[in-house]
Structures are given as structure tokens and as C-alpha cells.
Amino acid sequence: MLAQIASIIAPIFLCACVGFFWGRFDKPFDSRMVTMLSLNLGIPALIFSTLTKLEVPIDAFLRIGGIYFIATLCALIFGYGFCRIFRIDPRTYVPVLAFSNAGNMGLPLSLFTFGEEGLALGICIFVISSICGLTIGPAIFSGRTSFDVVYRNPPIYGILAALLFMAAGLQPPRWLANVTEILGGMSISFMIISLGVAVSRIKVQRLARGIMLSAVKLMLGFALGVGIAESFGLIGAERGVIILVCSMPVAMHNYLFAERFDRNSSEIAGMVLISTAMAYVTLPALLWFVL
Amino acid sequence: MGMIAELSDVVLPVFLCAAIGFAWAKLKFPFNNEIVTSLVFNIGAPALILATFAKVELSPTALAELAGAALAAYAAFGVIGLAVLKFARLAPSAYLPALMFPLTGSMGLPVCLFAFGPDGLALALVFFMIGIIGIFTIGVTVAAGKFSLATLLRTPAIYAVIVTVILEITGTELPQWAFNTTDLLGDIVIPTQLIALGVALAGLKVSSMGRSVSLAALRLGMGVLVGLAVAELFGLSGTARAVVVLQSAMPVAVSSYLFAQLYKREPEEVAGMVLVSTGISFVTLPLLLMLVL
């Protein structure tokens, strides 16, 4: 069991460490390039490659995605309630409390914990999570809604293409499978490394509140994940992945939007750092719980 | 029909990824080659070596044979290249590295992977590593005019090779967590190097084509013939033979251009060789694959 958990956590932890020390030693790194490569090529390729390889039935995708969408709505409501009760700015902290790191950490954890089946579920969730995180997120931070964010999201096209193949019951030609497989493989490692680099460069401010809010995020997410899994009667990999992703640390993109819309970005960066560090400690217990 | 499909499975992914890189650069999207190279050189390549050899079951004899064949091929490239350059009265310092060291990394690795799976990749890595050692010793010596072992010792891939050899000899297996980590990190290498190839091709400044074309043709023609001869000489068959021929016949390495640029040895001519030989390769690669598949 411990060896299995180590084989799940160590790769992510060590990859993130590579990024962390890369940043610490001030080796040059270009987060914008890595983000663009991942978002425009890697993630669409990963989504296409995994979904077509696994022949995930579309209804299962719609089901698990729909369940995660409900979980996200609940997280937004609970986050809003929490902010009201403790009198902190909801426009800054609701997205931070609601959106989990379903990409950098959720995807590889789902893969390593439940294999290819877990990765497929993780990707379904990741797509919903990125749609919500990249539309509702900036809408809350900025105070306006923006539809162009949806159709300018390349992963959407990856999934649309995959859905076409799945609906037609076709396997993609080998060359397309080869291309998307290598480009998809690139994105997972790139994202974890850039997570480490970003964490190494974040200035930690207002530590106490950051620690408190990070703990709230992780506990809220876990409670929500278990609650959702129970109420929908999920079992096995579906239950595990939903709980895992809900319990992930604060999503990285929150930091980017907070910076862009000038909402306490350094504190949010600190929360990304602290919740990620906490997650590394809570992961063994979490994995033990879901496995 | 089956043959065409089989060829496109190998050639199209390589071509497409390079084309993506080319378009990426033309669209002026950010691509910092220095950072990507540094990540691949320090992290990705050593991880890929460790993970690939942990994945395959190849006998040490087969690997040693391939290393021998690779050495022989590089030596032949050196001798033939030097003779032709002397005959044509061209400076070896500018052109010999380009003739001697083909694009065994960015292009050779994915071609061998897509054609023969992990076994092909492992054998191609042996050929590639012999070339890396050659570039950092002979290549640097020829281009810079002085010999230095420091660059080689600062290459993390060398240590990955040493660890792999130790693991092979002692029959030790990588623990699962270490395998997963290196596998994950190694995944960076092939796609980023192909994209970087496209980006580099988009940024090449080419002046005169005339000499570049004949030297590019020499690289490819010599590559096929030497590859076939060495494979015959070492009695290789199957995947090993194919890998030796394919790797020998790769186009001029982009790194030769970087060297030429670094040491100011006719970089624009070498750029022309890279561009022309890579362009020809995209056409001749299917033929070459038909020859060895």
C-alpha cells in the first residue's frame, strides 16, 4: 500500500521539486510559454488521445462531468456563504475556495491512482473544471461575464474532436493517435514542473490567514467530495476521482486571474503554495481513503 | 495500402509536430529555445534514458553490438566527410560536424519509436548517446579548435547512462516510484524536440543554396550507404539493422548549426544544409522506411 502511494505521490512531488529548485536556482523559465504550449497543444491532445484510446461511453462522460458540475456549483455556494460569514471579499475568495487544481495535480493523481480509467474520469472532470474555472472564475474576479473565453479554449476543441470519433465509433488513425499521445504526455510533466516553479517564486504574505483559508479549502473540498459521492451513490474509481479532485489544492489559474484583475494576488499565490504543501501532507491519508 | 498506412504512422507524427513548431514560430507565439533545451538537456533526456531502458528487455550484448555499430558509423562519416571536404577544399571546422553528426535526437528518436516501439527507442538512444559523446568531444574539438572534456562531464545524460549500465550489470530494477517519475519527466523530450526543430527551421537564415544542397545530399547519401554497410558488417538484423540505417541517414543536426553559430564557422551555409537535408528527409524518409521495415 505504502509503495503504491509512494509511486503515486513521488512522481508528482519530485516533478514539482524539479520545478521548485529550477525556480529557486533562478534558472530561466517562461511560464507563459509553458502555459501556452500546454493549453494550446498539450491538453487538447491529451484529452483527445485519452478519450479516443479508452472508448469512454459519452453518457459516462456526461454523467461524471455533470456530477462534478453540481459539485462545483455547491462549492461556489458554500464558498460564498463562508465569505459572508467571515466577512471576507467574495469576489477574491470564492473562486479560490471553489476551484480545485484538477489539472496539474488532479490529472496525474487520477492516472496514478486509478490508471487509464482514472485518467479518463479525471479528464472529464478537468474539462468541466477548466470550463468553469476559466469562465465563472474570471467572471467573479472581474465582475463581468465573458463568453469568448469558452470558445477560445482549445481543450474544448480537443474534446469536440474526440466526441466526434466516439460518437461515430471510430478509432483515430494511428498517426493521429501517435501525435496526440506524445503532445499529451508533454503537457502533464510540463504542468507539474511549472507548478513547482510558480510555487518557488511566490511571495508568501499574511501567512496566518493563508494557512487558515487553505485548510478551509481542503476540508471543504473533501467534505463536498464525500457528500457528492454519497448522494450520487458513486463507487470505485468514480467515487475516488470525484473525492480526489474536490480535495485538491487551490487551482493555479486563480493566481493568474487575481493578478490580472488586481485582487490580492500575492495572498492568493500564498494560498496556492500553502494548500499545495498541505495537500502533499494530506495526500497519503486521502489516497488511503479513496483506494 | 497497408504499407502506406504503416509509413504514415511513422512519418506524419514527426512531420506534424515539426510543422506545429514551424507554425508556432511563424505565429510569433513564445518559444524560448534556451529554456526548452535546458529542461531537456538537464532533466528530460536523462529521465528518458533511465525510463526507456527500465521498460525494455534487451540483452546487454545487443546493446553493446549497437554501440559498436554506431561508433563504426560515426567513424566512417568522419573519414568520408574529411576526405570529401579536403578534395573540395572546404574547411572541415565548418562542415565536418554537420556531415558527421546526423539528427539522431529530435528526428531519429521519434522515427524509431513510432516504427519499432520502446525497443526501437532504446536502440536509437544508444546510437544517439554515442553521437552526443562524439559531438562533445570530437565535434567541439573540430569546431572550436581545442579539446575539452568539461562539456561532456557536465552532461547529465552521461550519468543516466552510467546508472543504466550499473542497473543492467547488477540486474537491478528501478523502483516503481522512480520509474514513474523518470517516465513522466522523459515524456518532455520527444515532443518538445520536434517542436523545437520546427521552430529552428522557421528561424534559419539561409544565404546561398548551391553548396548546401550538395553537402546535404552527401550527408543523406553517405548516411544510407554507411548505415547499410555497417549493419552488414556487424551482422545486424531486424530492428537493430533498421535503427542503424535510419539513424545513420538522418539529416544534418540542428545542433551543428548552433555550433557553427557559436564558433562563427559559416553558420548560414550550415543552416542551408540543415534546411535542405531536413526537407529532403521528409520526402525520402518513407522510402528509407520501406527499405528497412
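Output the residues belonging to the range A:215-262 that are in a helix (DSSP H, G or I) and aromatic (Phe, Trp, Tyr). Those that are in a helix (DSSP H, G or I) and aromatic (Phe, Trp, Tyr): A:PHE222, A:TYR255, A:PHE257.
Pairing each residue of the range B:70-96 that is within 16 Å of B:ARG219 (Cβ to Cβ) and touching a residue at least 40 places away in the same chain (Cβ under 8 Å) with any residue that is among the acidic types (Asp, Glu) and assigned to a helix (DSSP H, G or I), provided the two are 6+ apart or on different chains, yields C-beta distances under 9 Å for B:ALA94/B:GLU269; B:TYR95/B:GLU269.
Residue-by-condition table, conditions (1) within 14 Å of chain B (Cβ to nearest Cβ); (2) touching a Gly at 6+ places or on another chain (Cβ under 9 Å); (3) within 28 Å of B:LEU48 (Cα to Cα):
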residue: A:LEU183; (1), (2), (3): yes, yes, yes
residue: A:PHE190; (1), (2), (3): yes, yes, yes
residue: A:GLY196; (1), (2), (3): yes, yes, yes
residue: A:MET212; (1), (2), (3): no, no, no
residue: A:ALA229; (1), (2), (3): no, yes, no
residue: A:VAL245; (1), (2), (3): no, yes, no
residue: A:ASN264; (1), (2), (3): no, no, no
residue: A:SER275; (1), (2), (3): no, yes, no
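Determine the pairs where a residue that is within 14 Å of chain A (Cβ to nearest Cβ), located within the range B:166-179, has a partner that is modelled with pLDDT under 90 and outside any loop (DSSP other than H, G, I, E, B) with Cβ atoms under 7 Å apart, the partner being 6 or more residues away or on another chain. Filtered contacts from the range B:166-179: B:GLN176/A:ALA3; B:GLN176/A:SER7; B:TRP177/A:ALA6; B:TRP177/A:SER7; B:TRP177/A:ALA10; B:TRP177/A:PRO11. Among the candidates B:ALA229, B:ALA216, the residue that is farther than 13 Å from B:PRO251 by Cβ, more than 8 Å from chain A (Cβ to nearest Cβ) and among the aliphatic types (A, V, I, L, M) is uniquely B:ALA229. In the range B:219-234, the residues that are free of Cβ contacts under 8 Å to residues at least 24 places away in the same chain reach residues that are of a type in the set (Lys, Arg) with C-beta atoms within less than 9 angstrom, at least six apart or across chains, in these pairs: B:LEU228/B:ARG241; B:GLU232/B:ARG241.
The residues listed here are B:GLY117, B:GLY105, B:GLY134, B:GLY145; of these, the one that is closer than 25 Å to A:GLU181 by Cα and either surrounded by fewer than 22 Cβ atoms within 10 Å (Cβ to Cβ) or among the polar types (S, T, N, Q) (or both) is B:GLY117. I'd like the full set of residues that are farther than 17 Å from B:VAL226 by Cβ, outside any helix (DSSP H, G or I) and under 19 Å from the mean Cα position of the chain (by Cα), limited to the range B:67-118. Of everything in the range B:67-118, nothing turns out to be farther than 17 Å from B:VAL226 by Cβ, outside any helix (DSSP H, G or I) and under 19 Å from the mean Cα position of the chain (by Cα). Specify which of the listed residues (B:LEU185, B:LEU220) is part of a helix (DSSP H, G or I), touching a Cys at 6+ places or on another chain (Cβ under 8 Å) and either crowded, with 24+ Cβ neighbours inside 10 Å or at pLDDT 90 or above (or both). The unique qualifying residue is B:LEU185.
Residues that are more than 8 Å from every other protein chain (Cβ to nearest Cβ) and surrounded by fewer than 21 Cβ atoms within 10 Å (Cβ to Cβ) within the range B:1-20 comprise B:MET1, B:GLY2, B:MET3, B:ILE4, B:GLU6, B:LEU7, B:PHE15, B:ALA19, listed in sequence order.
The values are calculated or read from the model by the stated rules, or taken from the named source; none is laboratory data. This one's a predicted model, so the numbers in the text were calculated from it and none came from an experiment. Note that each Cβ is placed from the backbone with ideal geometry, even for glycine, and that neighbours are counted across all protein chains shown.
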